[in-house]
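Report on the following structure.
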Amino acid sequence: MNQLPALATVVPLLAAAAISALNPLLRARRRLLDGTAILTAAAVTVILIVLLVQTAHGDVVYWFGGFRPSHGVAIGIDYAAGPLSTGLACLAALLVTAAMIFSWRYFERIATYYHALMLTFLAGMTGFCLTGDIFDLFVWFELMGVSAYALTAYRPEERGPIQGALNFAITNSVGAYLSLSGIAVIYGSTGALNIAQIGRDIARHRPGGLVVVAFLLIITGLLIKGAIVPFHFWLADAHAVAPTPVCVLFSGVMVELGLYGVARVYWSMFGQALGHRSAITGAFLALGLLTTLVGALYCFRERHLKRLLAFSTISHAGMFLTGIALLTPLGLAGVAVYVAGHALVKAALFLCVGIVLHRLGSVNESRLHGRGRPLRYTGVVFTLAALGLSDLPPFATFLGKAWISGSGATHGMTWIIVIFVVASVLVGGAVLRVAGGVFYGLGDPPGEDQEMAREASEETGETEQGRQRTPLTMIAPAAVLVLAAIGIVFAPHLGPTVEAGALRFQDQTAYNATVLSGARVAHPAGIFLAEHAGITVADVVTGVGSAAGALVLAFLALYWRRLPVLRRGFEPGAGLVRPIQRFQSGVVNDYVTWIVVGLACLGGALAFSIG
Amino acid sequence: MQVFPFVVVAWILGVGLYGIVTSRHLVHLIVCLIIVQSSTYVLLLGVGYVTGAVAPYFFDVPVHTPAVDPVVQALALTDVVVEAAVTALLLALAVQAHKRFGTLDPNELVQLRG
């Protein structure tokens, strides 16, 4: 039996345990600690790359303790590694490696538990991707969650991290318990915990009320992790206050893992039973597109750099959910490529903000105006990544978006592309405005918002004072990640390979056969036919157009005060500030209220369409 | 299968969520979160319960004696472990919040807004 899937979680867990156990010895030897963490994360990346190559010929299934299923009944717990799940886990390991390299010089003093927490976080993420058991999925979800809450509050002597971590931990715990209730309900009606076996059992009958309730509860927990409106409020709070290398992981993969969970639960468990109805597409499409627009609007009005990037993550999470909601192989393939491209670009942006914080001691756009001029390389990397975020060809983000909207257009939803372009222009415009203002001193500094200034002023940085030069270990990971986001696009046979992976992800019968009877299904059959994963001239025009739109918007945002048409004292969007603050209140009670409201609405929509 | 345990589950879940939504004290709020989680214990045990069956302890009982489902009990135990970790972390954060903000009212934690 292939041991690689198990190794991918065992290695980081053992390393984390060893670091914690040897704490008294290692405390004084910081470089040894850093080196161990980097090497472990890199080793996991290599293991997952090898596994990814192996999954090209069929999913790799590993049964813990060798307890193979007997007569189609799962006895043990399995890992089922497909191309998409392994690819996502690989991305997580890659980002952890980059974040650990960045941390080498970023923290002046560092606690041992930082490394241990990062490695358990990595183990949680890889386990979540690879597992084939629904209760195991919950356990990894919680392991990932608990490490993430602790990492958010890494600097407990400040006020922001405490509040951010509390909001994050309480909302996500409520989500986890809702998911667990759903798991208990589905276990009660099937007597199984293996995803494949549950899927096979519930597909035999008409979907009863219990199945729908279980589906609703499980995905609500995952949607909270995936920061979908109205479950998204915790994200900006947590991302704004976590240490920069941790933000890279939060925005880059953790949010996407929630949506991966939704896709996995739908395609491997509930899909056949619920019957792939257009009502399901409708419900998720509505949520996805709403999230896309809300995230983009919040992003554009933000002045706190980390919060700005956090809101852009919400917007992109909406686009990912839209791609999943289409239920087509090309849509899912587009999401896979988009997630990879977005993770690399967003990680690079966060690392650049980390460098700004390290050198200039602030993350407030108003105060940083023009002060980033000496940071030449950082400015170039940040600008490139910002262009990538606005979907300029040939970034992987462009390719992903083109596939999703292309697949939508084939199924009569051409308007998806309009919403995508609007969101890309807003998000790209906001990030390019930062690039132009901070690194090149273009235009006028934006007006000071008291509330945001107070938030941003606390962020004094993990280093004592500004440094004279940027260490290579901080800029190199950011540059490599941006180049990788371009490099992916030129991988040979990318389109057919990713789409074949998506097709296999969506074929529940093939997944069942692979897991429960060990059959190798090389050419699965999809619900929808595979579409041509190519790029048309129209796609390129749209990509270039949205990047150009973002540039124009960024220039308008920087120079609008000098335009003759506007009267003096006019602040665009000033009237929106107060109502918006009422939503994003920072009070955890409100966030949980929204979770309950969202759960009720989603439940109503599902009951109405399926029941 | 009896309906009564599941009514209790819904009640506990509802009460816990109501507590979280209306709470004005972080420690109270964390206790309400524990109550939400308690609903999952009752649900898990209720799902595996068999009327008239013995505990899943197969020693010194005749073969084919009906027993309640041991799997859900293992799941509930795992759930307890998870809860212990989360609660400990949350209470530690509440202590820190009291130190930094001087209050435990979630409405008065005002560092992050908008």
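Sorting A:20-31, A:487-498 by average packing, meaning the other beta carbons within 10 Å per residue, from highest down gives A:487-498, A:20-31.
In this structure, A:Cys601 and B:Val68 have a Cβ-Cβ separation that, at R0 = 35 Å, corresponds to a calculated FRET efficiency of about 0.45. With the Cα gyration tensor of region A:70-117 giving a ≥ b ≥ c as the square roots of its eigenvalues, does the rule (a/c under 1.5 for rounded; else a/b larger than b/c for prolate; else oblate) give rounded, prolate or oblate? Here region A:70-117 falls in the oblate category.
Dipole size in debye (nearest 20) for region B:54-111 around its Cα centre, Lys and Arg Cβ +1, Asp and Glu Cβ -1? If you can, show how the numbers build up before the last one.
Working: 2 positive and 6 negative charges, 58 e Å.
It works out to roughly 280 debye.
Simple rule: put +1 on each Lys or Arg Cβ and -1 on each Asp or Glu Cβ in the protein assembly as shown, find the dipole, and look at A:Tyr114, B:Leu75, A:Leu387; the Cα lying farthest toward the positive end is A:Leu387. Per residue of peptide A:179-187, the mean number of Cβ atoms on other chains within 10 Å of the residue Cβ is 6. In the protein assembly as shown, a dipole from Cβ-located charges (positive for Lys and Arg, negative for Asp and Glu) runs towards its positive end, and of A:Thr514, A:Leu290, A:Gly545 it is A:Gly545 whose Cα lies farthest in that direction.
Evaluate peptide B:7-14: per residue, the Cβ atoms of other protein chains within 10 Å of its Cβ; return the mean as an integer.
Numbers: counts 0, 0, 3, 1, 0, 0, 3, 1.
Taking all residues of B:7-14 together, the mean is 1.
A Förster radius of 45 Å combined with the Cβ-Cβ distance from A:Thr414 to A:His71 puts the calculated FRET efficiency at roughly 0.40.
Suppose every Lys and Arg Cβ carries +1 and every Asp and Glu Cβ carries -1, with no other charges. What dipole size does the protein assembly as shown come out with about its Cα centre, to the nearest 20 debye? Kindly include the intermediate steps, with their values, before the conclusion.
Numbers: 42 positive and 36 negative charges, 340 e Å.
Charge dipole, the protein assembly as shown, about its Cα centre: 1640 debye, nearest 20.
When peptides A:109-122, A:233-246 are sorted by average Cβ neighbour count within 10 Å, with the highest value leading, the order is A:233-246, A:109-122. In terms of its C-alpha gyration tensor, region A:4-610 comes out prolate, because a/c is 1.5 or above and the ratio a/b outweighs b/c.
Between A:Arg204 and A:Ala279, how high is the FRET efficiency from 1/(1 + (r/R0)^6) when r is the Cβ-Cβ distance and R₀ = 25 Å? Nearest 0.05.
Working: r = 22 Å, r/R0 = 0.87.
Computed FRET efficiency for A:Arg204 and A:Ala279 comes out at 0.70.
In region B:1-109, Cα pairs under 8 Å separated by at least six residues give a relative contact order of 28 percent.
Could you tell me which of rounded, prolate or oblate describes region A:17-112, using a ≥ b ≥ c as the square roots of the eigenvalues of the alpha-carbon gyration tensor, with rounded for a/c under 1.5 and, failing that, prolate when a/b is larger than b/c and oblate otherwise? Working shown, then result.
Numbers: a/c = 4.02, a/b = 1.94, b/c = 2.07.
Oblate, because a/c is 1.5 or more while a/b does not exceed b/c.
Model label points for B:Ala85 and B:Val3, set 7 angstrom from Cα along the Cα-to-Cβ axis, are 3.9 nm apart. Distance between the modelled labels on B:Ala55 and A:Val50, one decimal in nanometres: 4.6 nm (7 Å Cα→Cβ projection).
Sorted by packing (mean other beta-carbon atoms within 10 Å per residue), highest first, where do A:62-71, B:54-63 land?
Details: A:62-71: 13.2, B:54-63: 8.6.
Answer by packing, highest mean first, reads A:62-71, B:54-63.
Annotation for region A:290-368 versus region B:50-95: alpha-carbon center distance of 41 Å. Modelled spin labels at A:Val540 and A:Ala286, positioned 7 Å past Cα toward Cβ, are 3.9 nm from each other.
Under 17 Å of direct C-alpha separation, and excluding same-chain neighbours fewer than eight residues apart, A:Lys306 reaches these lysines: A:Lys346.
Using the Cα centre of region B:4-108 as the reference point, and only Cβ charges (+1 on K/R, -1 on D/E), how large is the resulting charge dipole? Debye, rounded to the nearest 20.
340
Counting only other chain Cβ atoms within 10 Å of each residue's Cβ, the peptide A:163-175 averages 6.
Rounded to the nearest 500 deg cm²/dmol, what is the calculated helix-only ellipticity per residue at 222 nm for chain A, with -39500 (n - 2.57) per DSSP H run of length n ≥ 4? Helix-only estimate at 222 nm: -23000 deg cm²/dmol.
Extension gain for A:Ala28-A:Arg155 works out to 43.7 nm (0.36 nm per residue, less the C-alpha to C-alpha distance).
The length gained on full extension between A:Thr112 and A:Phe555, counted as 0.36 nm times the residue separation minus their Cα-Cα distance, comes to 155.0 nm.
Where a number appears in this text, it was derived from the coordinates with a stated rule and is not lab data. Keep in mind the model is a prediction, meaning the values are calculated, not measured. Backbone-built Cβ (ideal geometry, glycine too); neighbour counts: all protein chains shown.
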